[in-house]
1. Would you point out the residue of the range A:120-134, among those that are facing chain B (nearest Cβ under 7 Å) and either part of a helix (DSSP H, G or I) or surrounded by fewer than 21 Cβ atoms within 10 Å (Cβ to Cβ) (or both), that is nearest to the chain's Cα centre (by Cα)?
2. So if I check each of A:Gln51, A:Gln117, which one is within 30 Å of A:Leu239 (Cα to Cα), modelled with pLDDT of 95 or more and surrounded by fewer than 19 Cβ atoms within 10 Å (Cβ to Cβ)?
3. Do we have any residue at all in the range B:180-190 that's under 23 Å from A:Leu149 (Cα atoms), in a loop (DSSP other than H, G, I, E, B) and within 14 Å of another protein chain (Cβ to nearest Cβ)?
4. List pairs: first in the range A:289-313 and without any contact (Cβ under 8 Å) to a residue 12 or more places away in the chain, second surrounded by fewer than 20 Cβ atoms within 10 Å (Cβ to Cβ) and part of a helix (DSSP H, G or I), Cβ under 8 Å, 6+ apart or cross-chain?
5. How many residues are in contact with a helix residue (DSSP H, G or I) (Cβ under 8 Å, 6 or more places away or on another chain) and within 14 Å of chain B (Cβ to nearest Cβ) when one looks only at the range A:188-215?
6. Taking A:Glu171 as the residue in question, decide whether it is surrounded by 23 or more Cβ atoms within 10 Å (Cβ to Cβ), more than 29 Å from A:Thr270 (Cβ to Cβ) and either modelled with pLDDT of 95 or more or at the interface with another protein chain (Cβ under 9 Å from one of its Cβ atoms) (or both).
7. If you check B:Ala167 against the conditions, is it touching a Pro at 6+ places or on another chain (Cβ under 8 Å), modelled with pLDDT of 95 or more and in a helix (DSSP H, G or I)?
Amino acid sequence: MSTLTVPPQVPSVAEDCEQLRKAFGGWGTNEGLIISVLAHRNADQRKLIRQTYAETYGEDLLKVLDKELSNDFERVVLLWTLEPAERDAYLANEATKKWTSSNQVLMEIASTRSSRQLLLARQAYHVRFKRSIEEDVAYHTTGDFRKLLLPLVSSYRYEGDEVNMNLAKSEAKILHEKISQKAYNHDDLIRVLATRSKAQINATLNHYKNEFGNDMNKDLKRDPKDEYLALLRATVKCLTCPERYFEKVLRLAINKRGTDEGALSRVVTTRAEVDMKIIKDQYQKRNSVPLECAIDKDTGGDYEKMLLALVGHGDA
Amino acid sequence: MALEDELQAVTKALSGIGIDENLLISALGKWNPVERKSFRKETSQFFLKDDRHFERWDDQQVKLLKREFLRFKNAMVLWTMHPWERDARLAKEALRDGPQSYGIIIEIACTRSSEELLGARRAYHSLFDHSIEEDLAYHINGSDRKLLVGLVSSYRYEGPRVNVETAQIESQTLHTAIKNAHKKKPKEDEDVVRILATRSKAHLKTIFNIYKETYGHNIHDELEVDSRLEEAVLCLGNPVTYFSKALDEALKSGSDENTKEALTRVTVTRCDYDIKEIKEEYNRHFGVPLCKSIEDKTHGNYKHFLLTLLARGD
């Protein structure tokens, strides 16, 4: 469920563009005005604003935002203003250029988006970067990480609810076998996670628990320091209970010394229009404080205001 | 026509690719019981002498005949199908048939455009309630799996932009893998699969050109050790040559059913794309116009249908 709040009477696109123009004009920038417009428009509305702004003032809104804003606030506003598919492409491309800790971002995009959304992201990637997402992921990752990430990012999963219980049983057995043998990068283990439909994976994992006593992720915790295993566990979470995955990312981002604004901005902008409400509930449950309070304590200024607006704090 | 000649003509009409329906009607249609008995006694190709003193149709031959009679119907159905459904069904059938048909999966994955392959994947969802990659990954074991799953999962960039330095490095990577084929199968090499399964076609063509300039040979000529890779490389870099070869193989006498099926498949799937170039390449390479080969080696409605499709390219 979305936490985005849009005013009941939305101003016309022309008015919105005018307001933004005003916000940029003169000395300094009126960040509050920018937030009051952009943070309360949905993806279609923002797309229209960008188009109209370019037509009216001859400038790309994103370029203007880049010029006028800075630091964490700029990043969160830019991410938010991009269309979901462009945003995913941008985040993925950024992730391929960084070190291994950003493998998580690639996995996150590949596993939490629907088949259609992932496809749109791949199309947007072609347009923007003149390469395919999979060739960049393949090129910039190695070993076990590539073995896992490449098929994840190339998947086009069946999205139906049909489940084959016999298959769930046999694949739970295969998973258990490979995990017991510590063959965590085994082709069959990766095959199941990277190609089966989410419904089928759910059924398989349920069967795993019924048959072998533990959640599969518990059995994957054998070596807490192993980064690959951590990625594998995160993949499973993303495929089966994304709100719990995102809650954890937020929690770690906020609790980290100095705050991980990158992760915070990423989760808030990518989930605000999708399932942020459920993530907030999960956060409250797990941490006994509302997400807004944690954000308020941990961040400040316009950056904080933008985040709070996106997670549904205050009025439109 | 004397009976002798007629018997021969009928035998011919029932052999080869497709069935000469008209000849059968005009010849068989007027045979009396005596003439039909001669047919049975003298055509050991189709009839066996039974111990109880009668001539029996050879079951195997009836099966083969059934296939030949169905060739026209199959061509019709394939021709009228939506290209997405067509590719999805062809892939599924190839998977069911086993390794001897996996080349068809490579053909579909590598010769279709990114959008066409995507469409096929969508249709596969609808038709079979699974994704094509999960079925391939599940049913294919061994060294073919990585390559086939990788190829079928690709959603290649389709523009012209190419990074020449990267292409040079990757040409070298491929060359090294080929030279080390005795130590490790190239199709099991992660980088080989990565390059073939993810790079854009423009980039791959650049790699193949650099390969030829640097090492003096076409890369697909050096891949005789690995027929899957050879097919993939040909389909990606030079599909017209691939299709022309497939047609030639299909028309050779003694070819098996899988090989023969390429005749319908290639003609139907390439008819509105590059059949003209394929015809030119066939003529150039084999010294005979494709239409003539088809005229000589196929029969009946099936033949006329193929020739009609091929004429569209003109």
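The values are calculated or read from the model by the stated rules, or taken from the named source; none is laboratory data. Everything quoted here is computed from the prediction, not taken from an experiment. All Cβ positions, even for glycine, are placed from backbone atoms using ideal geometry, and neighbour counts span all protein chains on display.
1. Narrowing the range A:120-134 to residues facing chain B (nearest Cβ under 7 Å): A:122, A:126, A:130-132, A:134.
Subsequent filtering for residues that are either part of a helix (DSSP H, G or I) or surrounded by fewer than 21 Cβ atoms within 10 Å (Cβ to Cβ) (or both) retains A:122, A:126, A:130, A:134.
Numbers: A:Arg122: 15, A:His126: 19, A:Lys130: 22, A:Glu134: 18 Å.
The residue in question is A:Arg122.
2. From the options A:Gln51, A:Gln117, the qualifying one is A:Gln117.
3. Yes: one or more hits.
4. Cβ pairs passing all conditions: A:Pro290/A:Gln284; A:Glu304/A:Asp296.
5. Qualifying residue count, the range A:188-215: 15.
6. The answer is yes for A:Glu171.
7. Working: touching a Pro at 6+ places or on another chain (Cβ under 8 Å): no; modelled with pLDDT of 95 or more: yes; in a helix (DSSP H, G or I): yes.
So B:Ala167 does not fit the description; no.
One line per residue, one yes/no per condition, for (1) under 13 Å from the mean Cα position of the chain (by Cα); (2) over 14 Å from B:Thr111 (Cβ atoms):
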{"site": "B:Val240", "(1), (2)": "yes, no"}
{"site": "B:Lys245", "(1), (2)": "yes, no"}
{"site": "B:Thr259", "(1), (2)": "yes, yes"}
{"site": "B:Cys271", "(1), (2)": "no, no"}
{"site": "B:Ile278", "(1), (2)": "no, no"}
